[in-house]
Every structure is written in C-alpha cells, then in structure tokens.
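Remarks on the structure that follows.
The values are calculated or read from the model by the stated rules, or taken from the named source; none is laboratory data. Keep in mind that what you see is a predicted model, and the values were worked out from it rather than measured. Cβ coordinates were reconstructed from backbone atoms using ideal geometry, including for glycine residues, and neighbour counts include every protein chain displayed. When the accessible area is computed, the model is the full protein with side chains, heavy atoms only, and any ligands, DNA or RNA have been set aside. Shrake-Rupley method; radii C 1.70, N 1.55, O 1.52, S 1.80 Å.
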Amino acid sequence: MERRTFLKSTSALFSAGFLGFTAHAQEQKNNTHVDQMTQRLSVAALRKLNISFPSMVVITPTGETVEVQLKPRIIRRYAHSIYVYFEQVKEISIFTLQGESAGKIHLPDSMESIKDFAIDHTLQSVHILEYGKHSISTLDFYGQTVASIGDFGIELMQDLNGPKSLTVDEQSNIHVLTGNDNIIRVYAANGVYVSSYNHIGRNIGHIRQIDGYKVISGVGGKFNDKVTVLSGH
C-alpha cells in the first residue's frame, strides 16, 4: 500500500469510462464479429473472477487515515490472459482467465496517466497511449521503452492529433483512433505509417474506442452501445 495526499474523488473522473466498458462488453457478447484473441472487459466481469483490487492509504483533510480501493481503468483480455491498468499505479497487472495473478508489466516512472494500451504477444511488447501525448510509447515486457510511434501534427495523414484508443492486429500493425477527425491510422511495428481508414457509412456516429486482432471493431453511438466492424486492410 502507498501513502498519498487525500484526493476528493477518483471515481468521478472515470465513471463515464466504466459505463462504456460495460456496454461494450455486452455488445461484444452478442456480436458475431467478436475477435477471439482480444476483448475489452467490464469492471463487473473482473469482479466476478474475485480478483483483489489494489489499494492505497490516503489522509483526509481532517487528518483521518483511510484505505481506498483503486479502480481498474483499462481491462483487456488477450487470448488466455487479462491485462488490467489500475488508477494511480505504475504497472499493468496480468491475470489468468480464472482470476489468478500471473505477473506485472512495470511502467516507466515518467508515465503519469494511461489512456489506453494494447498488447502484442508476437513481439512481446505493449503499446501505451498517455493522456496529453500525441504519440504511442512502445515498451517491452520488462517495462523498457524501445520505440515511439507517431508525431503531433495536422497536415500529413500520418500525423497524430488527439489519439484516444488503439489496438494491435495479427500482423503487429498498430491501429490508432484519433479523436479530432475520428480516423484510424495504421502504423507498422517499426513506427512507419501504413494507411488510414474510418467508419463513414456505418451509422455508428463518433467512435469512442477500438479493439480487435483479426477483425478490427469500434464502439460508439450516442450511448456508446453500438459496435461495428471496421476495415483497414
């Protein structure tokens, strides 16, 4: 456990994201295009596995010491493992599908807050998207930074402006959804720009996040409850 200055509320910061995860998981369950390799999971699904969430000790404004359970911000299943990023920590926790602890990927101290991550089992790497950053950091499974993908810009198609979600396909290409134009940009594992595509004509509205390995899908719509198959190959 860790002692830190009291925070008024951490749940309010992420409540909207948790609702989206739940809706997405339910839609994936009923969608014939669900990818067997990867899936985003809800907090409820994680709790059903009886996984113990980490906690930290905080001090209230009145001087009282309180133990606070940390909330999972990103939950992704890859094949037979579940990867979880909990708020306020510098690591990604790994669990089996039965809920047993299977290890951790430690993150650099310089990383403050993660918006999304994607695992590449083939190359034994994890791609990290941080809040406020316009590039993707690639780490090995030991937590060492090995590459940076994309640069901030608005003129060239390979430029990144407001990336908000990512996933890795079966060829180790990184698909990055940008919020300002709702376009998915594809980069090779070495960082070279490959192509771009979007969801126009699929009646989903703005896409909130993407997922997939063999089939890339996006979730969006007014209530973040629509899942559609995207094509970029």
| remark: The residue from PHE53, PHE86 that alone is of a type in the set (Phe, Trp, Tyr) and surrounded by fewer than 18 Cβ atoms within 10 Å (Cβ to Cβ) is PHE53
| task | Tell me which residues, restricted to the stretch 104-125, are open to solvent by less than 30 Å² (accessible area, probe 1.4 Å) and closer than 26 Å to LEU49 by Cα. | result | ILE105, LEU107, ILE114, ASP116, PHE117, ALA118, ILE119, ASP120, SER125
| field | Enumeration of residues in the stretch 174-190 that are under 15 Å from VAL126 (Cβ atoms) and open to solvent by 10 Å² or more (accessible area, probe 1.4 Å) | value | ALA189
| Restricting the search to the stretch 126-137, which residues are part of a strand (DSSP E or B) and surrounded by fewer than 20 Cβ atoms within 10 Å (Cβ to Cβ)? | GLU130
| Are there any pairs with C-beta distances below 8 angstrom linking a residue in the stretch 39-62 that is within 17 Å of ILE92 (Cβ to Cβ) to a residue that is open to solvent by less than 50 Å² (accessible area, probe 1.4 Å) and aromatic (Phe, Trp, Tyr), with the two at least 6 apart or on different chains, and if so which? | ARG40/PHE21; LEU41/PHE21; VAL43/PHE18; VAL43/PHE21; LEU49/PHE95; ILE51/PHE95; PHE53/PHE86; PRO54/PHE86
